[in-house]
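**Student:** Encoded as structure tokens, here's the structure I'll be asking about.
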Amino acid sequence: MLSCLKSDASHVFCRLRLTLVALLAMILLPATSAHAEGGIQVKSVVVEATEEGYQFDADFEITLNHKLEHALEKGIVLYFVTELNLVSSRWYWLDERVAQSRVREGLSYYALTRQYRLSRGTFSQNFGTLKEALQALSRVRDRPIIPSTELRPDMEYAVEVRMRLDIAALPKPFQVETLGSRDWDLSTGMLRWNKRLPSSKESQKSAVESGTDKIGTSTRYTTKVSVPAPSLSAVPGSAAP
């Protein structure tokens with residue numbers, strides 16, 4: 001009789017424990033999954049020398065969570081900013097940003113045509129699905145790097161790269177909603193590494209050895225400073241805009 005009571009008590013305890021585990025899973029997993037669905041990752045970055053100066057290509061992986069997709073469907077434009085900085089380190093003073101590229105692109109949805117639109121300045125392109133629009137947004141090609149001072153060949157610079165959702169460009173009511181919300185925190189973080197810029201002679205030599213791609217009247221040297229995503233490391237904080 002005692003053994004039966006003991007067995008029944010153990011059975012009840014096991015069922016209670018399983019019930020508690022199931023309840024915790026129902027509470028925690030939806031929040032974790034919703035956050036995991038959205039994010040931006042850097043896949044690769046290539047800095048290239050051209051006859052006019054320097055430019056870069058980059059590939060990202062962009063995923064929107066359900067809240068951002070719902071905002072698009074309600075007619076909210078999501079603006080994404082892609083940044084690349086070249087920074088010169090100075091032991092006697094603060095580091096100096098000597099070149100930069102900063103472009104903001106808007107992603108929107110039009111319910112009447114059921115199309116997604118990606119716009120940058122006066123240029124815009126329509127897509128039939130969100131996946132196609134995000135793929136186009138994630139492919140950065142031939143983006144000029146604008147120097148603020150003369151760039152010295154053979155000198156090592158710190159390269160900083162980031163893509164982020166521009167929360168400040170959202171309508172005011174949504175800006176309030178983003179406070180303390182991780183669903184709107186879409187960014188790669190500022191990734192930084194050191195790299196030496198190639199000289200013109202190195203560019204010409206690499207072009208002869210590997211071939212060149214003609215783009216209009218300029219020559220694109222495709223074997224320059226290439227940094228795959230696994231070698232990048234996130235730097236705490238963010239760089240100045």
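The values are calculated or read from the model by the stated rules, or taken from the named source; none is laboratory data. Because the structure is a prediction, the values reported are computed rather than measured. Note that we place each Cβ from the backbone using ideal geometry, even for glycine, and neighbour counts take in every protein chain shown. Ligands, DNA and RNA are excluded from the accessible area calculation, which covers all protein heavy atoms including side chains. Shrake-Rupley method; radii C 1.70, N 1.55, O 1.52, S 1.80 Å.
**Student:** Any residue in the stretch 99-118 that is within 23 Å of Thr82 (Cα to Cα) sitting within a Cβ distance under 7 Å of a residue that is at pLDDT below 95 and hydroxyl-bearing (Ser, Thr, Tyr)? List the pairs, counting only those 6 or more apart or interchain.
**Tutor:** What qualifies is Ala99/Ser148.
**Student:** Between a residue in the stretch 154-167 that is on the phi > 0 side of the Ramachandran plot and any residue that is buried (at least 18 other Cβ atoms within 10 Å of the Cβ) and small (Gly, Ala, Ser), which pairs come within a Cβ distance under 9 Å, given they are 6 or more apart or on different chains?
**Tutor:** From residues that are on the phi > 0 side of the Ramachandran plot, there are no pairs.
**Student:** Also, quick follow-up: Would you check which residues across the stretch 130-164 are within 21 Å of the chain's Cα centre (by Cα), outside any strand (DSSP E or B) and among the acidic types (Asp, Glu) and list them?
**Tutor:** Hit for the stretch 130-164 is Glu132, nothing else.
**Student:** Does Glu132 satisfy being modelled with pLDDT of 85 or more, among the charged types (D, E, K, R) and farther than 20 Å from Leu84 by Cα?
**Tutor:** So Glu132 passes the test.
**Student:** Do you know which of the residues in the stretch 96-116 that are open to solvent by 80 Å² or more (accessible area, probe 1.4 Å) and in contact with a strand residue (DSSP E or B) (Cβ under 7 Å, 6 or more places away or on another chain) is nearest to Leu165 (Cα to Cα)?
**Tutor:** My answer is Arg104.
**Student:** Checking Val42 against (1) in contact (Cβ under 8 Å) with a residue 40 or more places away in the chain; (2) assigned to a strand (DSSP E or B); (3) surrounded by fewer than 18 Cβ atoms within 10 Å (Cβ to Cβ), only one condition comes out false. Which one?
**Tutor:** (3)
**Student:** Can you confirm whether the stretch 149-160 contains a residue that is in contact with a strand residue (DSSP E or B) (Cβ under 9 Å, 6 or more places away or on another chain), modelled with pLDDT under 90, β-branched (Val, Ile, Thr) and surrounded by fewer than 18 Cβ atoms within 10 Å (Cβ to Cβ)?
**Tutor:** Yes, the stretch 149-160 contains a residue that is in contact with a strand residue (DSSP E or B) (Cβ under 9 Å, 6 or more places away or on another chain), modelled with pLDDT under 90, β-branched (Val, Ile, Thr) and surrounded by fewer than 18 Cβ atoms within 10 Å (Cβ to Cβ).
**Student:** Sticking with this one: Looking only at residues in the stretch 98-118 that are among the hydrophobic types (A, V, I, L, M, F, W, C) and not in a strand (DSSP E or B), which one is farthest from Ser187 (Cα to Cα)?
**Tutor:** The qualifying residue farthest from Ser187 (Cα to Cα) is Leu112.
**Student:** If I ask for residues that are surrounded by 11 or more Cβ atoms within 10 Å (Cβ to Cβ) and in a loop (DSSP other than H, G, I, E, B), which ones from the stretch 86-95 would you list?
**Tutor:** If the condition is that a residue be surrounded by 11 or more Cβ atoms within 10 Å (Cβ to Cβ) and in a loop (DSSP other than H, G, I, E, B), then Ser89, Asp95 are the ones that fit.
**Student:** Looking at (1) farther than 30 Å from Lys67 by Cβ; (2) assigned to a loop (DSSP other than H, G, I, E, B); (3) modelled with pLDDT of 75 or more, can you tell me which one Trp193 breaks?
**Tutor:** Every listed condition holds for Trp193 apart from (2).
**Student:** Name the single residue, out of those in the stretch 165-183 being outside any helix (DSSP H, G or I) and open to solvent by less than 60 Å² (accessible area, probe 1.4 Å), that is nearest to Lys67 (Cα to Cα).
**Tutor:** Ser181
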